[in-house]
Amino acid sequence: MTMAEGLDSVALRKRLAALEAQAEEAREIIDELKSRDALKTQFLSNISHDLRTPLAAIITHAEILREGMLGDLNPRQRQSVSGIVNGGQQLIDMIDEILTYVRSASDRVSLIRTAFSITEVVDQVKLLNEALSARKRLTIERLDGDDIPPVYADRDKLKHVLGNLIGNAIKFTPDGGRIWIKLARRGEDGDELLVEVGDTGPGIARDHYDLVFREFAQVDSSPSRPHHGTGLGLAIARKLVELHSGRIWVESELGKGSRFFFTVPLNPPRD
Amino acid sequence: MAERILIVEDSTLVTDALAVLFEEAGYTVHSARTVADAVDLGRDRHFDLMLLDLTLPDGSGLDVLDALRRDKKLPRVTLAVTGHTDDDVRRDCLAAGCADVLVKPVPIRDLLRQIERLLA
């Protein structure tokens, strides 16, 4: 070995040792971040549960008053008490959304697959949203879908996805607008269900197509933004669709509206 | 005689609200905060309906049902209440003998109607 070669191998060994030390440090940081993330998840879950309990009591008390069980209310009093019930219910819905997110993000979540009619689920979600959409004079219609065979999937979770997409469309579409749900089969053997939820809302800029599916992300996150919420609805929808090995995405034109799409396999997965 | 309801719930805020509701609706109301208290009360007297929270400081609400069943002191009807339900929880509760599983806060009109029907 020449002197130069000897020096090179010493230098190489030193470099290798330094790299190994760096890798070890990186592993430690990753472990630390993972355990902090788990703590944060646990905190979110606990705090959501603890917030729910007193809110449930507030809503029940307010309902008792609103129903006149403790004496008649005049119209102004009833309006005010109704405000407490509605505000409380809105808070409960947001807390539930956080709980659903925490659950869908954890490793514990699993799918309970059964065969069911997707058109029935769409019609149910439509019905659940009727009061909200009527308040904004929005029309919601289901287009096609009567020829879709039963879907083999987790009914509650797909209902949640549809609820979030339709709820989002109602929230962002201005008064008098239109929302539609389109169902189709696609894929080579028609073995995939494609669901489209479209609206005539403000639309989403192409730069934000990915952002809207990220947790806690809102295109306008300023305190003065016109639409409030947890910013979790679409992140949850994405997680639930991906659990089914499906895909979710958005296509949109600013000022004209948005079309959200998701796919799920129609048939049981082949193991 | 007024029908008797036992509220098993660890939050006194929730118990107080439900007590107002049931008393106004004409029922006699008792309450327990823990599995141990609920089992003691259930052994002591007969209840027509038990509203059973599933998460209690000293165990699961379903433990109350097990203990009272052993002593043949089950209320006529038990309704489970929980903050968050999924299919597993529902199945366990129905298997344990609950008539239904409700999510807090239960809209009061629905709750009163359901209780009236179950006790008819």
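The values are calculated or read from the model by the stated rules, or taken from the named source; none is laboratory data. Note that the structure is a prediction, hence the values are computed from the model and not measured. All Cβ positions, glycine included, derive from the backbone under ideal geometry; neighbour counts span all protein chains shown. Accessible surface is based on the protein model in full, side chains and every heavy atom, while ligands, DNA and RNA are left aside. Shrake-Rupley method; radii C 1.70, N 1.55, O 1.52, S 1.80 Å.
Placing unit charges on the Cβ atoms only, positive for Lys and Arg and negative for Asp and Glu, gives segment A:87-238 a dipole magnitude near 440 debye about its Cα centre. Taking the Cα centre of chain A as reference, the dipole from Cβ charges on Lys and Arg (+1) and Asp and Glu (-1) amounts to some 700 debye. Under the simplified labelling scheme, the residue A:245-residue A:19 pair shows an inter-label distance of 3.8 nm, with each label point 7 Å from Cα along Cα→Cβ.
For the pair residue A:28 and residue A:10, the difference between a 0.36 nm per residue extended length and the Cα-Cα distance amounts to 3.7 nm. When trypsin sites (Lys or Arg not before Pro) are flagged only if DSSP places them in a loop and at most 14 other Cβ atoms lie within 10 Å, the longest unflagged stretch of chain A comes out as A:1-107. Distances between placed amide hydrogens fall under 5 Å for residue A:138 paired with A:176, all partners being 5 or more residues away or on another chain. A 1.4 Å probe, protein heavy atoms only, puts the accessible area of residue A:200 near 50 Å². Just the protein heavy atoms count here, and of the accessible area of chain A at 1.4 Å, carbon and sulfur take up 53 percent. Segment B:82-120 and segment A:65-92 have Cα centres lying 24 Å from one another.
Of all stretches in chain B that contain no trypsin sites (Lys or Arg not before Pro) in a DSSP loop with at most 11 other Cβ atoms within 10 Å, the longest one is B:73-120. Solvent exposure of segment A:1-62 amounts to 79 Å² per residue of accessible area, where only protein heavy atoms count and the probe is 1.4 Å. Take the accessible area of A alone and of B alone, subtract that of the pair with a 1.4 Å probe, and the total buried over both chains is about 1800 Å². Within the assembled protein chains, the solvent-accessible surface assigned to residue A:51 is about 90 Å², based on a 1.4 Å probe. Taking only protein heavy atoms and a 1.4 Å probe, the accessible area of segment B:55-120 is 49% carbon and sulfur. Distance between the pseudo-spin-label points of residue B:120 and residue B:70 (7 Å out from Cα toward the beta carbon): 3.7 nm. Residues of segment B:15-59 with backbone nitrogen within less than 12 Å of a virtual label 7 Å along the Cα-to-Cβ line of residue B:1, please, listed as ranges. Only B:28, B:45-48 fall inside the zone, counting backbone N under 12 Å.
The contact residues of segment B:89-115, meaning those that lose at least 20 Å² of 1.4 Å-probe accessible area when all protein chains sit together rather than their chain alone, are B:104, B:105, B:108, B:109. Normalised per residue, the accessible area of chain B is 48 Å², obtained with a 1.4 Å probe and no contribution from ligands, DNA or RNA. For residue A:94, the solvent-accessible surface computed with a 1.4 Å probe is close to 70 Å², ligands and nucleic acids excluded. For the protein assembly as shown, the 222 nm mean residue ellipticity estimated from helices alone, with every DSSP H stretch of n ≥ 4 adding -39500 (n - 2.57) and the total spread over all residues, rounds to -17000 deg cm²/dmol.
Burial here means at least 20 square angstrom less accessible surface with every protein chain in place than with the chain by itself, probed at 1.4 Å; in segment B:47-85 the buried residues are B:83, B:84.
A 30 angstrom limit on the alpha carbon distance is what I want to check against. Which of A:40/A:256; A:40/A:126; A:256/B:104; A:126/A:239; A:136/A:157; B:73/B:104 exceed it? Violating the 30 Å Cα-Cα cut-off are A:40/A:256; A:40/A:126; A:256/B:104.
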